[in-house]
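Below is one structure, written out as structure tokens, with a few remarks after it.
All of the numbers you see were taken from the coordinates with simple rules; none came from a lab. Values in this document were obtained by computation on a predicted structure and should not be read as measured data. Glycine also receives a Cβ, built like all others from the backbone with ideal geometry; neighbour counts cover every protein chain displayed.
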Amino acid sequence: MKHLLIPVLLSFGVAASAADTYSIDPTHTHATFSFQHLGFSTFHGKIPSQRGTISLDREKKTGEVDVVFDLAALTTGVKKFDDHLRSKDFFAVETHPTATFKASKITFKGDVPASVTGDLTIKGISKPVTLQVTSFHCGQHPMLKVPACGANASATINRSDFGLTYALPAVKDQITLDIEVEAAREQE
């Protein structure tokens, strides 16, 4: 009887001390950035993900994140500005086509992640960043028909920490990052 119960418990996600690995859905995972433009308005842009994985062990309250963002696909809705952001004045996409976020510290509040601390790498420069999780939900994905998780998280960084110093101080140093992620659990 005990051997028959284990597969049933595993199918409901109550495996003892086992981490679940989720593959990032690049069409629903991106970083939105915003900054003050010359003190007049807040400007927004979006950087889609290329790929990534999230590992969560909800029983042990641990996990890891590894996401790659496609800087060549960054968009603000203004082509001329997008081209400038991709240039050596900002992201230098020719030599640094991606940015990454790799984390091995997830802090939980109750049963859900509250923050994720890791290294953000832009232009080959890595700095520690803590993302505050503002929403988190796991469940059966209605279209994919597999278990999935989604989250939103945010942080404020200084762009100068990553060598993005063009137009300082006229354009403020502080950048707000909002990360949206959807990921499907990898099937064994």
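Based only on other Cβ atoms within 10 Å, what is the fewest-to-most ordering of E186, E180?
Arranged by neighbour count, lowest to highest, E186, E180 become E186, E180.
DSSP loop (so not H, G, I, E, B), at most 14 other Cβ within 10 Å: list which GluC sites (Glu not before Pro) in segment 48-152 pass both filters. Those that pass, being in a loop and sparsely packed, are E59, E94. Cα convex hull, the chain: 125 Å³ per residue, rounded to a whole number.
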